Amino acid sequence: MTQPQPRTLLQHLLETTPGLNCTTWPRFQVLWGRMAAEAATGLGNPKLAQVRASRSSYVRWLSGTHVTKGDTAVILEWYFGKSAAELARPVPRRDIVQPGPLDQSTLTAATRTLDYTWATSRYVPGEPHTGVIGAWELSGGRHFDGTAIGLQVYEAVPDGDQVALKEADLPHLRSYVRSSRRGVVLASLGAAGGSGLYLMDAAHARHQLTAGQAPRVPVAYRLDDLTFALARALYVLDDGLLADDLPLADRAEELGYYVKTGTSAPPRSDMPELSPVGAAWLGSSLCAQYITRRLDELPAVPVFWTREATGEECAPWLLFRHKHEYLQAVASRFAGAGSPLGRAFCVPEPAVRGTEPHERILLLLTVAMMEMHRITVWITSDPAYAQTEGFVLAQDRAILANWVREESVWRVATTSAVADVAPYREAIAHVQAHSIVDGPTPAARLQALARYLELDWTWLTGRCRALSGSGITGMLRHRSRHLSLTALDQTLRFLGTL
């Protein structure tokens, strides 16, 4: 059986270029007159407008059996932006694996969920017939830039406490997850009469396929305020750190110098190559190392003040690896020291009203992480303390360490001067006396915080319990060595047991 003649680039462009739809000789005759006239004007050569093309030439051009020269070549090359030789070559062949069709309810759910539930989320559907994958655009917030990741939606069927992708979609899924770009899979029960979208990082789908398993997504991974908050925080921080991997590595030695220095506050302009996420990681890392290095010098068990007031500002606590190591170091250093550890926040009402529920969930999870490390949390809503810098206070000594909402990348200093320490002592006394989350147990304090943040405590703890049961590391995957999901998984488990 003879193979069909491959289409030339010229034929492909004539048939697919918007506005041309030139598939026959009569149509090409009309188009040629326009092409010749436009080339004559564009090239300043009036003679080109009089050049004619014969039907036999047209047939040979389309078949690729003849590469035209002279004025006809000039006209074709000017109009299409390709050489006559390129136009005569076969169109590059691409083997496109088509995904299965999506139920209308699935298309509606994907658009409504990703476009109209969260202000920072937007769904850009792909073009299946061309092999173009869709994208999930996560716009930036007040402090960090956004990102965009590949996204593919598949129909699924219920399978106990999981949803299973259909066998017919596995060839396309294999093609999709082979790409080294970051991507996510959304499984939908729309065609099966169900509802909801279930999220999994494409890397986990690839792992299941490699192990010879048809990918299944736990129902606990349903996309809602909790899972969206975690996914967005991870992808934004991860992509920001990957973009800055080289400049951050280059500054490692410099960071060690500043840790040993008594006082430092390098301006942001000194590090213009860093993204907001990279600068946040550098500032946070320096502050954590600066404090840890000086813990043994403190005369008593310290109390801590944290400047973060929104979920976006708190996201590094949940995901930066050095944050978890710092918390563990502090908890271990002062375990059994007599006085309990405490950490203060200032979260004014405008910070609550000005953020969406998914972002407020990140704030609550951060406080839960502190409580999990046996650190009692106090919170004031008094806006007078909103700009108080992060510090550590132990009797007459204060360690200033702040990177949040700083004009510099970080600002660190140590002081025992009475006048300098007095404002920090007063701030701690205020928050201890007027904490809006006062309670005898972590559960009581976290429930009070949930009420203040207008979050459904019963729903949230139930979702944390379900999510920790399946493991957050089975839903999301980070690429940067500076991130970790382990402490977040532990926090979800801790909150789910309260």
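Numerical summary
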quantity	calculated
Karplus-derived 3J(HN,Hα), 6.51/-1.76/1.60, for each residue of region 384-395, Hz, glycine and proline x	5, 9, 5, 9, 5, 6, x, 8, 10, 10, 9, 6
Vicinal HN-Hα couplings computed from phi for region 307-312 (Karplus, 6.51 cos²θ - 1.76 cosθ + 1.60; Hz; Gly/Pro x)	7, 4, 10, 10, x, 4
Fewest-first sequence of Ser264, Ser54 by Cβ atoms within 10 Å of each Cβ	Ser54, Ser264
Listed peptides 33-43, 229-239 by packing density, highest first (mean Cβ within 10 Å)	229-239, 33-43
Cα→Cβ-extended label distance, 7 Å offset, between Gln328 and Glu167, nm	4.5
Dipole magnitude of the chain, debye to nearest 20 (Cβ charges: Lys/Arg +1, Asp/Glu -1, about Cα centre)	1620
[x] 25.8, 100; [y] 30.1, 98; [z] 24.1, 91, with the label sought being that of the calculated Rg and Dmax of the Cα atoms in Å	[y]
Rg ratio (alpha-carbon, reference 2.2 N^0.38 Å) - region 9-88	0.99
Rg followed by Dmax, in Å, when region 1-51 is reduced to its Cα trace	14.2, 50
For region 239-496, alpha-carbon Rg relative to the globular expectation (2.2 N^0.38 Å, N residues)	0.98
Helix 442-452 axis, angle to the chain major axis (alpha carbon atoms, nearest 10°)	60
Ascending count of other beta-carbon atoms within 10 Å, so fewest first, for Glu312, Glu137, Glu167	Glu167, Glu137, Glu312
Candidate lysines for bridging to Lys69, where Cα separation is under 27 Å - those fewer than 8 sequence places away on the same chain excluded	Lys47, Lys82
Mean Cβ neighbour count within 10 Å, used as a protection proxy, ranking 384-391, 455-462, 343-350 highest first	343-350, 384-391, 455-462
Computed lengthening from Asp382 to Leu498, 0.36 nm per intervening residue step minus Cα-Cα distance	39.0 nm
Of every Cα-Cα pair in region 425-467, the percent that sits beyond 13 Å	62
Charge dipole (region 249-317, unit charges on Cβ, about Cα centre) - positive-most of Val301, Trp317, Trp281	Val301
Where labels lie 7 Å past Cα in the beta-carbon direction, separation of Gln213 and Ala419 in nm	6.5
P(r) tail fraction, region 21-139 - alpha-carbon pairs more than 24 Å apart, %	52
Projected label distance in nm at Ser105 and Gln50, using a 7 Å step from Cα toward the beta-carbon	7.0
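Just so you know, all these numbers are worked out from the coordinates, no wet-lab data involved. Here the structure is a predicted model, which is why all the values come from computation and not from measurement. Cβ sites come from the backbone with ideal geometry, for glycine too, and all protein chains shown count toward neighbours.
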